[in-house]
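Following: one structure in structure tokens, then a few remarks.
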Amino acid sequence: MVAAVVVIGAVAVAFFAARSVSGTELVNLPLGACFDLDADAAVVVRVTEVSCTTPHTHEAFAVYRYPAAGNAAYPGDDEVESSALAGCVPQFRGFVGESYASSALEIVAFHPTASSWTDDRTVVCAITSAEPRSSSARAATT
């Protein structure tokens, strides 16, 4: 998986040419896995999985397949970004236990890029915040 990073909220969208090449493949993270990104790469293939009780920058809360036919042409960065985020927001409450609108947490959507589109349609939804967290964002009831 090659993923571009898109964040809802105050954090800017960024695309870089560097790739993360060590660690756990993003698409293989279990839901609830906490992880850090390679600071030099915003096109993400692999991440550093860490315990949720240690400071971390992200937590995977949903994974889904981008809704496009297998032979569909890449719809463009803007369309993929907005669709990826639209698929993440409704799943936020089920993991965190509160609505995205009332939360201080942010959502990051790792999604297919033009270069990965032919082979990969996976979207990984993750939680992030302004400061690293030392606990899971998962609601105690889930």
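Scanning the stretch 80-120 for residues that are out of contact with any Phe, Trp or Tyr (no Cβ under 9 Å at 6 or more places or on another chain), buried (at least 18 other Cβ atoms within 10 Å of the Cβ) and within 21 Å of PHE35 (Cα to Cα) yields LEU85, VAL108, ALA109, PHE110. Within the stretch 7-35, being buried (at least 16 other Cβ atoms within 10 Å of the Cβ), within 11 Å of ALA126 (Cβ to Cβ) and at pLDDT 70 or above holds for LEU26, LEU29, ALA33, CYS34, PHE35. Considering only residues that are under 16 Å from the mean Cα position of the chain (by Cα) and free of Cβ contacts under 8 Å to residues at least 60 places away in the same chain, look in the stretch 46-66 and name the one that is surrounded by the most Cβ atoms within 10 Å (Cβ to Cβ). Ranking the qualifying residues of the stretch 46-66, first place goes to VAL47. Kindly check whether there is at least one residue in the stretch 76-87 that is over 22 Å from GLU25 (Cβ atoms), of a type in the set (A, V, I, L, M, F, W, C) and either without any contact (Cβ under 8 Å) to a residue 12 or more places away in the chain or part of a loop (DSSP other than H, G, I, E, B) (or both). Yes, because at least one residue in the stretch 76-87 is over 22 Å from GLU25 (Cβ atoms), of a type in the set (A, V, I, L, M, F, W, C) and either without any contact (Cβ under 8 Å) to a residue 12 or more places away in the chain or part of a loop (DSSP other than H, G, I, E, B) (or both). Among the residues making up the stretch 96-129, those that are over 17 Å from ALA68 (Cα atoms), assigned to a loop (DSSP other than H, G, I, E, B) and of a type in the set (Ser, Thr, Tyr) are SER99, TYR100, SER102, SER103.
Inside the stretch 130-142, residues that are assigned to a strand (DSSP E or B) and not hydrophobic (A, V, I, L, M, F, W, C) make up a count of 3.
The values are calculated or read from the model by the stated rules, or taken from the named source; none is laboratory data. Source: prediction; values computed, not measured. For neighbour counting, all protein chains shown are included, and Cβ atoms are generated from backbone atoms with ideal geometry for every residue, glycine included.
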